[in-house]
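Student: Encoded as structure tokens, here's the structure I'll be asking about.
The values are calculated or read from the model by the stated rules, or taken from the named source; none is laboratory data. Source: prediction; values computed, not measured. Neighbour counts run over all protein chains shown; Cβ positions are idealised from the backbone, glycine included. Accessible surface is based on the protein model in full, side chains and every heavy atom, while ligands, DNA and RNA are left aside. Shrake-Rupley method; radii C 1.70, N 1.55, O 1.52, S 1.80 Å.
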Amino acid sequence: MRRTFREILEDTPIVAAIKDMEGLEQCLKSDIQVVFILFGDICGIKDIVKRIKDSGKVAMVHIDLIAGLSGKEIALDYIKEFTEADGIITTKSTLIRHARELGLYTVLRYFVIDSMALVNIEKQNGSVLPDVIEILPGVMPKIIRKVNGISKVPVVAGGLISDREDVMLALDNGAVAISSTSKKVWFM
């Protein structure tokens, strides 16, 4: 039986968010089990995902950041059919339903920059829910607690997390996991 994305994150709560090939090389050497791919293009994403999968890790493609892919359902079909990706990350809640229909894990990313962002998170508690939501920046313990109180799905804290204290604050305040581009955090 396939494990839920939440179970995977609970087992390994530090996620490598990679933004270039150097990050890819480093995360492959780490014990990290989940990788958020934040770079690439339609021609190279298959190879990036394959390298991650070949090292036994979960590959999550941020489809909004892959050059050549649009924010439409066809982009999800492409990821499912032509890569080995386990799931997608997006800021577009309209894509979550189709990704789930395809059997992909889903992360809905929110930039919590004002009170309207919190209202949008509360509204997402509709009929189609992502596996997790990711809130950025992830260095706001009070906001992590607040989001946990209004969201029906687990929270991943991402953005600006750069040391052990940031990681522990996020986890202690209810985040199921953290994502970071900091190689220092990956190897804690």
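Student: Residue separation times 0.36 nm, minus the C-alpha to C-alpha distance between Asp54 and Met116: what's the value?
Tutor: 18.2 nm
Student: A further question follows. What does the helix-only formula give at 222 nm for the chain: each DSSP H stretch with n ≥ 4 adding -39500 (n - 2.57), the total divided by the residues, and the result rounded to the nearest 500 deg cm²/dmol?
Tutor: Helix contribution divided over all residues of the chain: -10500 deg cm²/dmol.
Student: Whenever you get a sec, compute what percent of the accessible area on the range 69-188 sits on carbon and sulfur atoms (1.4 Å probe).
Tutor: Carbon and sulfur together cover 54 percent of it.
Student: Sticking with this one: What is the distance in Å between the Cα centroid of the range 1-31 and that of the range 76-98?
Tutor: 17 Å
Student: Another question, then. Can you tell me the dipole magnitude for the chain around its Cα centre, using point charges on the Cβ only (Lys, Arg +1; Asp, Glu -1), in Debye to the nearest 20?
Tutor: Dipole size: approximately 300 debye.
Student: For a label point 7 angstrom out from the Cα of Asp77 toward its Cβ, which stretches of the range 124-146 have the backbone nitrogen within less than 13 Å?
Tutor: Counting only backbone N, you get no residues.
Student: Taking only protein heavy atoms into account and a 1.4 Å probe, give the accessible area per residue of the chain in Å².
Tutor: 48 Å²
Student: Related question: Counting pairs of alpha carbon atoms under 8 Å apart in space and at least six apart in sequence, what relative contact order in percent does the chain give?
Tutor: With pairs under 8 Å counted, the relative contact order is 21 percent.
Student: Let me ask another. Anyone know which of Arg109, Arg145, Arg164 comes out most mobile in the 10 Å Cα GNM of the chain?
Tutor: Looking only at Arg109, Arg145, Arg164, the largest GNM fluctuation is found for Arg164.
Student: Continuing with this model, one more query. For the chain, compute Rh as the Kirkwood radius over C-alpha pairs and then the Stokes-Einstein diffusion coefficient at 37 °C and 0.692 mPa s; write the answer in µm²/s, rounded to an integer.
Tutor: Calculated translational D: 201 µm²/s.
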